[in-house]
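Data first, discussion second: the structure below is written as C-alpha cells.
No lab work stands behind these numbers, since they all come straight from the coordinates. Just so you know, these numbers come straight off a predicted model, no measurement behind them. Please note: Cβ atoms are built from the backbone with ideal geometry, for glycine as well, and neighbour counts cover all protein chains shown.
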Amino acid sequence: MDYSKLSRMERHTSWTTFKDKTTDQRKILMTTKGATPLYDFKFQPNDILLMGRESAGVPEDVHNTVDARIYIPMHGTARSLNIVNAAAIACGEAMRQVDL
C-alpha cells in the first residue's frame, strides 16, 4: 500500500532491547486487565501503544513494566474486541488527543 512510506517499522531482538532503546517514551499497554479506561487516559505525542496476542495478551514481565495499562470499556458481559478493532480505536483516540 502507499501508506507504508508514512510508517516506520523496527524489529527488536528482545523486550529488554526495546525498553533500553525507548527509555524516553512511555509504553502504554492495551489490556483487558487495564487500570484506566481508554477515554480517561491522557496520551502524549511520543507514547508507544502496545498490544498483545488476542489469545494470551503479553508476557507477565511486559505487563509489569509498562508505564500504563489501559482498556476499552465493554458493554455488559462482553470480554473484549478483536485486537485489530481495539488497536484502531486506541490509535485513533491517541491521535485525536495529540492532534495528529
Grab the other residues whose beta carbon is less than 12 angstrom from that of Leu49, score K and R as +1, D and E as -1, and report the net. 0
Using 0.36 nm per residue, how much length does the chain from Thr23 to Tyr3 gain when fully extended, once their Cα-Cα distance is taken away? 4.4 nm
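Give me His63, His12, His75 sorted ascending by neighbouring Cβ count inside 10 Å, so fewest comes first.
Starting with the residue having the fewest Cβ neighbours, the order is His75, His12, His63.
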Per-residue [θ]222 nm for the chain (sum of -39500 (n - 2.57) over DSSP H runs n ≥ 4, rounded to 500): -8000 deg cm²/dmol
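Looking at region 1-75, which trypsin sites (Lys or Arg not before Pro) are in a loop (DSSP not H, G, I, E or B) and have at most 15 other Cβ atoms within 10 Å?
Answer in residue order: Arg8, Arg11, Arg26, Lys33, Lys42.
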Karplus-derived 3J(HN,Hα), 6.51/-1.76/1.60, for each residue of region 76-89, Hz, glycine and proline x: x, 9, 4, 7, 6, 8, 4, 4, 5, 5, 4, 4, 4, 5
For the chain, give the magnitude of the charge dipole about the Cα centre (Cβ charges: +1 Lys/Arg, -1 Asp/Glu; no others), in debye to the nearest 20. 100
So what's Rg/Rh here for region 12-97, counting alpha carbon atoms and using the Kirkwood radius for Rh? 0.95
